[in-house]
1. Cβ contacts < 7 Å: first residue among the basic types (Lys, Arg), restricted to segment B:438-455; second residue in a helix (DSSP H, G or I) and at pLDDT 80 or above, any location; separation 6+ or different chain. Result?
2. Does segment B:84-97 contain any residue that is of a type in the set (Gly, Ala, Ser) and surrounded by fewer than 24 Cβ atoms within 10 Å (Cβ to Cβ)?
3. Do any helices (runs of 4 or more DSSP H) entirely within segment B:1-114 hold 1 or more residues that are touching a helix residue (DSSP H, G or I) at 6+ places or on another chain (Cβ under 8 Å) and under 25 Å from B:Ala190 (Cβ atoms), and if so, which?
4. Just to be sure I understand, how many residues within segment B:558-573 are surrounded by 12 or more Cβ atoms within 10 Å (Cβ to Cβ) and in a helix (DSSP H, G or I)?
5. Which one of these does C:Arg25 not meet: (1) touching an Asp or Glu at 6+ places or on another chain (Cβ under 6 Å); (2) part of a helix (DSSP H, G or I)?
6. Which condition from (1) touching a residue at least 12 places away in the same chain (Cβ under 8 Å); (2) at the interface with chain A (Cβ under 7 Å from one of its Cβ atoms) is the one that C:Ile30 breaks?
7. Could you list, in sequence order, all residues of segment C:53-90 that are outside any helix (DSSP H, G or I) and either surrounded by fewer than 22 Cβ atoms within 10 Å (Cβ to Cβ) or more than 7 Å from chain A (Cβ to nearest Cβ) (or both)?
8. Hey, can you tell me all the residues within segment B:574-595 that are more than 17 Å from B:Leu238 (Cβ to Cβ) and surrounded by 11 or more Cβ atoms within 10 Å (Cβ to Cβ)?
Amino acid sequence: MGFETVVFVVAAVLALAGALGVVLLDNPFYSVLSLVGHLIALAVLFLLLQAAFVAAAQVVVYAGAVMVLYVFVVAYVGGGERTLVSESDTIGRLGPLFAGVLLVELTLAVAGSGLAASAGDGAPVARGFGSPAAIGELLLGQFLIVFETASFLLLVAAVGAVVLARRRRGLEEDDLDGDRAGPELAPASPQERAPRPGSAAPEPERSTRTGGERAGQASEAGARTAEARTGGAGPASARVGGESPATGSA
Amino acid sequence: MNPGAWGWVVLGFPLAGSLLIAFGWRVLPGRLAGWLATGAVLGAFGAAITMLAGLLGLGAEEREVTSTAFAYLSTAGLDAGLSILVDPLSVFMCLVVSGVSSLIHLYSVAYMTSDRGYDRYFSYLNFFVFSMLLLVLAGNLVLLIVGWAFVGAASYLLISFWYRRHTATEAGIKAFVINVIGDVALVIAAFLLFNATGALDWAGVFTGAQDAFVRDDGTLIAACLLLLVGAFAKSAQLPLHTWLPDAMEGPTPVSALIHAATMVTAGVYLIARAHPLFEQAPTAALVGAVIGTVTMLFAATVALAQTDLKRIIAYSTISQIGYMVLGVCSFAYAAGLFHLMTHAFFKALLFMAAGSVIAAMSDVKSIDRMGGFRHSMPFTHATFVIGALALAGFPLMSGFFSKDDVLAFTFDRGGIYAVLAVGGYIGAALTALYAFRMVFRVFWGDPVPEALALSRGEHPHVEPANPDTGEPEDNDVGFPGPEHHVAEQAWPMALAMGVLAALAVVGGAVGIPGVTATLEHFLEPTFADSRFVEEIPSDTARWIGLGIGGVVAIVGIGLAYRLYLSRYELTVELRERLPRVTTFLERKWYFDELFELAVVRPLARLGELGRTVIESELVQGVFVEGTSGIVRAGSSLARGVQSGYLRAYALFLLAGAGALGLYFLIASV
Amino acid sequence: MDVAWFVVLSAFIFCAGAAGVLLRRNPLVILLCLELMLNAGNLALVAFSRAHGNGDGQVFALVVLVVAACEVVIGLGLIVAMYRRRIPVDVDRVTELHG
């Protein structure tokens, strides 16, 4: 049908544009955003394929949660390298070549080898095909074990993330700072909050052992003087600053 | 019991003695080890006598008993058992070896009393006796070579007995190396004989040689010459003689046993045993006879110029063995072996008496410092004179009958052998000369301080030192003990010397021509197959020969008296008039220097080359480090793949996936 | 629409993602390109599910979604840990695991 073709072409173009944007854009933030666009285009394509639930899940879970997480991390970590490909980068030269070869192969495989099933519109489907009810039936019926295993996998990933993002000395320092913080948390003034995002970033490194000992100690001293100035609000900000990356990576 | 079994008993006694002392020396009290060893060898002697009795009980044709303990090698074509051959020749050798050895053991009990290595000494000595008996009793070439090698090893162990003295260890190595040359020659000869005859036992080889070789066959001559090389290395004939004088570094009883009476006679035994081969290749026998005579003359001349008492006697040994070699190589077997027996008696006696004198001199061996021991050491003097008379061939002593009998036989052979016999008489004159040079220089003349001290009954203490180089030593293990024992004071020494002196006097009784032919008849069964068994010179010829020998001996003794005692200044003047001759003789005809230049230095250089070039550069550099270098290069090439670059890994992944896809794409078409 | 078009499109996206993995040095962007590849796979799965008339492919795609989420979580955790320990966030500079 005409309408479907138009929708397909538009969604396909958007998806491709998003993909190329991810690969080619300098700023990782822009890459994330173009991936979000790509995901939404993909969701449209899923709708075209009678996969309503998958499309919804794509938008809600993928574009909604995973990409937001990504945004946080990109904000935290920063830009990274500026140049795309340096002059003596052989892999950077060969990479697109190999990818192109792969593309040709796949296209030939799909179009040329005569995949009978992929020609034509596909098998006739019932009305509720791809609906949440149908997916739910499959998940809890035929694919129950898969379902449970997937949830287990999620648990493992969550625990792994916490372990990875944890500070070296565990949570003792957090508690210490938290004890010192006390009730001064509330009356902290906005001006004094201004230097805190700046000091929040280096302060969590206070507890890391590798490399930034001196910087950490300097920031600690800075935090201490800030604490003397703000009277206890410094450690509070330390606690806040210490918590945000943890939550950012969880 | 048949003689074969007694043969094993004869072997068993000294072996048991050696092992017992070797393993149990810690629990043996005091000086028991020495008595144990002496008892073991006396046991062997007793068993040898029983073996003799057993053999005499058999008929003359049956006097060849082979006894095999077990089949040692029995594979394709090779058949050698652990077998001994008991026949008159081996019984004769056993009696001589075990008899003289037991007397020397007795002597050593007193001589080596204060030495810290006493037990080790007797273990070695017993081991030597075992090896020598094994050699003479061997029934095939394999066991002979085993015994040959053991004897060489025992000789090395005993020469370097005082192992902390570097001159002794060097001498031991020299002896061993020269012996090994002989061993190799012997083994090659055994190969040649086995290759031709297919047999290793004596009987098989002899009969096989009859069939395989014609008279004077090239291979047979080669094999016989190699046997001669082996014999000469062991018996210290030219040019493989240089080890024997240096071997005097060992204790005097060792010199008496090994280098006078037994080991050096192994070569003569070998030639006598292999006589069918030599008779089939007379050329080789002639070569042996010539070398024997030349050696005899050479050694006699050198003995005139030596100043070390033991070395004079050593060169005398070389010379006398030349006689024995001449005897057996001119096919006068009984005469040659007769001389072997009498030589064992009087040479061992001479060494023992020399040991007594050297002890009196506190280990000084130079005759220039000796003199006038006649009155302070009467017993030693008497035995030494008896030995010297026997050596010189004074009429009616044992040496007279044996040595001059050899010369009579040789003269009778005619041709070139007659010339050699004349040389032999010249040698006899020289022998008498140097023998009594020793007597007159050491025992007669004015007494030296040590002699005077001895007559007063005291034995002065001397700081232990190397007698040749003067380096200081101590009395701990590895060096001689502190005490010096003189025959007059130690009864075991006196007893042994007395018995030998008696034998040296009466030993000739077994071979008086025309009167007793005990030895000849006894040895007949062994040599029955010889062509020359009938060619005995007439009694008259033999008595004439003996007479000439006796006259030569007396003239020699008289000349020695004049030169060395009454008109000694003549000798001194002679020495000054002919300095080059004197030096030539004193340097032993420069044989040592010749070997140093021709053999030792090139080999040392070759070894140096091997070490620097072949070992370090070729083997180490090319093979070892080259191989590891190749492996290292290859693996560092392979290591380059693991660069640590994530993107490189991703590239490989992608390329691999692409290749896989391509394969499936093509396969599905 | 021909299902084949969807599959070809997914091939394009996949190869774009692959090229991105090889080209970029920022690990964050590499992870993003990995997401691209996973999504391309999802698209192909759903397309085939439509072609067969079977819901299995869609369930598969859902599970892939779950796995992608977990992978992103761990990957980002690693990158944050790297950043915290002052390790340069550049894939070409982190080469210690080499032979």
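1. Close Cβ pairs satisfying both conditions: B:Arg441/B:Ile367.
2. no
3. Where helices (runs of 4 or more DSSP H) fall fully within segment B:1-114 and carry at least 1 residues being touching a helix residue (DSSP H, G or I) at 6+ places or on another chain (Cβ under 8 Å) and under 25 Å from B:Ala190 (Cβ atoms), they are B:3-24, B:88-111.
4. Initially, segment B:558-573 is screened for residues surrounded by 12 or more Cβ atoms within 10 Å (Cβ to Cβ), giving B:558-565, B:567-568, B:570-571.
Filter once more, keeping what is in a helix (DSSP H, G or I): B:558-565, B:568, B:570-571.
The total comes to 11.
5. Answer for C:Arg25: the failing condition is (2).
6. (2)
7. Within segment C:53-90, the first condition is being outside any helix (DSSP H, G or I), and the residues that meet it are C:53-55, C:85-90.
Within segment C:53-90, C:Gly53, C:Asn54, C:Arg85, C:Arg86, C:Ile87, C:Pro88, C:Val89, C:Asp90 meet the criteria.
8. B:Leu574, B:Arg575, B:Leu578, B:Val581, B:Thr582, B:Thr583, B:Glu586 - these are the residues of segment B:574-595 that are more than 17 Å from B:Leu238 (Cβ to Cβ) and surrounded by 11 or more Cβ atoms within 10 Å (Cβ to Cβ).
The values are calculated or read from the model by the stated rules, or taken from the named source; none is laboratory data. On a predicted model such as this, the values are computed, not experimentally measured, just so you know. Glycine also receives a Cβ, built like all others from the backbone with ideal geometry; neighbour counts cover every protein chain displayed.
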